[in-house]
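To start, the structure under review is shown below, and the notes come after it.
The values are calculated or read from the model by the stated rules, or taken from the named source; none is laboratory data. Given the structure is predicted, the values throughout are model-derived calculations rather than measurements. Neighbour counts are summed over all protein chains in view; Cβ atoms, including those assigned to glycine, are modelled from backbone coordinates with ideal geometry. The accessibility values were calculated without ligands, DNA or RNA, using every heavy atom of the protein model including side chains. Shrake-Rupley method; radii C 1.70, N 1.55, O 1.52, S 1.80 Å.
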Amino acid sequence: MKKPAIALLLLSLSSSVFAATDKNPQCFIDKYDAYIDASLTWYQDLVSITTESNPDLKEVGDWFLQGRTHHFELNRAAVDYYLTSEPEKIATDEQVESWLKLSQADVKTLSQRDDELGKIAKTTFDDRQSPPNEKNYDLRSAFADLLSHPSNIKPALDKYNQSVAKTNAIECK
């Protein structure tokens, strides 16, 4: 008795995702784009604040930001693709930060595609396979120090939190 009920529940959940994204996939794409833009701005701000007080970390900061940009642009492209092709892979009933879960195996699989999504995934996959910048630990330590003094990042963090809250408030119908 429980198995049919669970199957029915799973079917109704997946069909609700289809129904939501079938009505207006562009709204969901725009909503996710806003989240990606807010996240990239947050990382740009974090790197800027860090390198202002640690100019010797500028190069590693640029390297880190490039990796974050590749990561988020892959997520953007994957959500765009999945919302129109396989909407069940996007958890639009969750907060926007939790819509997409790509494992390293998923990224590797995507990187083998012969399209724009594959190209973006390959860049991210290659980033993850490459050795870290020699000053990566120094940058991470500077981030940890910065984050342990919230007043130093309050304006940037508030901007990010407000952007994400505004994004999560968007209702796609």
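Of the residues making up segment 131-173, not one is modelled with pLDDT of 95 or more, within 30 Å of Gln26 (Cβ to Cβ) and more than 21 Å from the chain's Cα centre (by Cα).
Only one residue in Asp127, Asp145 is closer than 19 Å to Asn54 by Cα, open to solvent by 40 Å² or more (accessible area, probe 1.4 Å) and not polar (S, T, N, Q), so which one is that?
Going through Asp127, Asp145 in turn, the sole match is Asp145.
How many residues are of a type in the set (D, E, K, R) and modelled with pLDDT under 95 if we restrict to segment 14-53? Break it down into steps so the answer makes sense when it comes.
Residues of segment 14-53 of a type in the set (D, E, K, R): 22-23, 30-31, 33, 37, 45, 52.
Narrowing further to those that are modelled with pLDDT under 95: 22-23.
Of the residues in that region, 2 qualify.
Of the residues Asp114, Asp138, the single one that is open to solvent by 40 Å² or more (accessible area, probe 1.4 Å), farther than 27 Å from Ala91 by Cβ and outside any helix (DSSP H, G or I) is Asp114. Selection within segment 73-99: residues that are crowded, with 19+ Cβ neighbours inside 10 Å and outside any helix (DSSP H, G or I). The member of this set that is nearest to the chain's Cα centre (by Cα) is Trp99.
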